[in-house]
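A quick write-up on the structure given underneath.
The values are calculated or read from the model by the stated rules, or taken from the named source; none is laboratory data. It should be emphasised that the depicted structure is a prediction, and the values quoted were computed from it without experimental measurement. Please note: Cβ atoms are built from the backbone with ideal geometry, for glycine as well, and neighbour counts cover all protein chains shown. Side chains are part of the model used for accessible areas, which takes the heavy atoms of the whole protein and leaves out ligands, DNA and RNA. Shrake-Rupley method; radii C 1.70, N 1.55, O 1.52, S 1.80 Å.
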Amino acid sequence: MMRVGILTSGGDCQGLNAAIRGVAKALYESYDEIEIYGIRDGYRGLIGEDYRLMKPEDFSGILTLGGTILGTSRQPFKRMRVIEENSVDKVAAMKKTVARLCLDCLVIMGGNGTHKTANLLREEGVPVVTLPKTIDNDLWGTDVTFGFQSAVDIGAQVIDCIHTTATSHSRVFIVELMGHKVGWLALHAGMAGGADVILLPELPYDISRVGAALEKRRRQGKAFSILAVAEGALSRREAKMGKKELAAFREASGKPSVAYRLAEELEPYADGEVRVCVPGHFQRGGPPCPFDRVLATQLGAAAAGFIREQRFGVMCAMVNGSLVPVKLENVAGKLKKVPEDSAAIQLARDTGVSFGI
């Protein structure tokens, strides 16, 4: 009897259910005797022995469903080896659940923090295979993560809608997109939506250069401008600050996020009021786009293939159009940032987009 556990961890996104379905369907095709256990609410369920034996029908009709049928939670990696007030040894508890279920493999879907803990479990001898899930597309070792394209589509649609009202009222609009540490989402959604300025965490901006870009458009007879801004975008001044100093600086501003700080700073350059739109969790909600449905299914089926081959301790990655295993120790703790010399950045510059630098 083959026994496999599946859990989804961290922030939810589009494509999780498609990936769960891909793993399950491929496993059912491969084994005559198999039990698949769904671990509820990510690592929290693994720690607390919260799981259920899944049936084939549980995986039917979920390809287009957003969110995750297994539930999810955030369990910070830095707390995994810390014994809390409840005296629970989280690592030992997770290993106990795996042993109780006699799992031949644990399939884990998540982003950066999730992969750190997955690698910890690998180091502890747990057979794991992971799938790259995040709208930020910032996991090292894979060209693309599922959830990213769906979020780009939503971000671009928001900018499309903002275009009409910005044009009608001759206003400057700032659309704040998700992305604390990396700017792949803001970059691609901004390009797809025709943003005039794109601000990313990787490229600290000079507010005077952003203002100059707005003034240039006005001189060209363009009465409106749209900025696509990653929530983690930094000014050059902020980029030089330490974490505590930056937190104090932002708290002193009294503004809830970067978009509102920018709006105030740009009013002298905008020749009028600057409006802000923050789509927030819309970006990772709703059904997955067709691209993510296919990608998640491909990655899920690849995970099943690695399990058949007993190739554990790896992440299923998409590299140059091929599905490949990448060792978890090469993934955990690494961020895939937007390179300043990337083709996407150069394309945006060639078409007149300003990055405020």
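Ranked by the mean number of other Cβ atoms within 10 Å of their residues, highest first, the peptides 343-353, 196-206, 153-163, 71-81 come out as 196-206, 153-163, 71-81, 343-353. Axis of helix 184-193 versus longest Cα principal axis of the chain: the two differ by about 50°, to the nearest ten degrees. Its Kirkwood hydrodynamic radius, worked out from the mean inverse distance over all distinct Cα pairs, puts segment 195-284 at 14.0 Å. Percent of Cα pairs in segment 205-357 per distance bin of 10 Å, from zero to the largest separation: 8, 24, 28, 22, 14, 4, 0.
Over all projection directions, the Cα-based convex hull of the chain averages an area of 18.8 nm². As a fraction of the 1.4 Å probe accessible area of segment 1-48, surface on carbon and sulfur atoms comes out at 34 percent. Over segment 303-346, the pair-distance histogram of Cα-Cα distances with 5 Å bins from zero comes to 5, 19, 19, 20, 17, 10, 6, 4, 1 percent, rounded to whole numbers. Dividing the C-alpha radius of gyration of segment 182-227 by 2.2 N^0.38 Å, with N its residue count, gives 1.20. The orientation-averaged shadow of the Cα convex hull for segment 1-91, equal to a quarter of the hull surface, comes to 6.4 nm². Each listed q (0.16 Å⁻¹) maps to a log10 I(q)/I(0) for segment 250-337 from the Debye sum over equal C-alpha point scatterers, namely -0.82. Surface exposure of the chain, expressed per residue as accessible area with a 1.4 Å probe, stands at 44 Å². Any idea what log10 I(q)/I(0) is at q = 0.12, 0.22 Å⁻¹ for segment 68-128, Debye with uniform C-alpha scatterers and no solvent? Computed log10 I(q)/I(0) values: -0.30, -1.03. Compared with the dominant principal axis of the Cα atoms in the chain, helix 148-169 is inclined by about 20°. With semi-axes defined as the square roots of five times the eigenvalues of the C-alpha gyration tensor, the equivalent ellipsoid of segment 82-196 measures 42, 15, 11 Å, largest first.
Peptides 319-327, 240-248, 274-282 ranked from most to least packed by the mean count of surrounding Cβ atoms within 10 Å: 274-282, 319-327, 240-248. For trypsin sites (Lys or Arg not before Pro), the sites in segment 118-221 that DSSP calls loop and that have at most 16 other Cβ atoms within 10 Å are K181.
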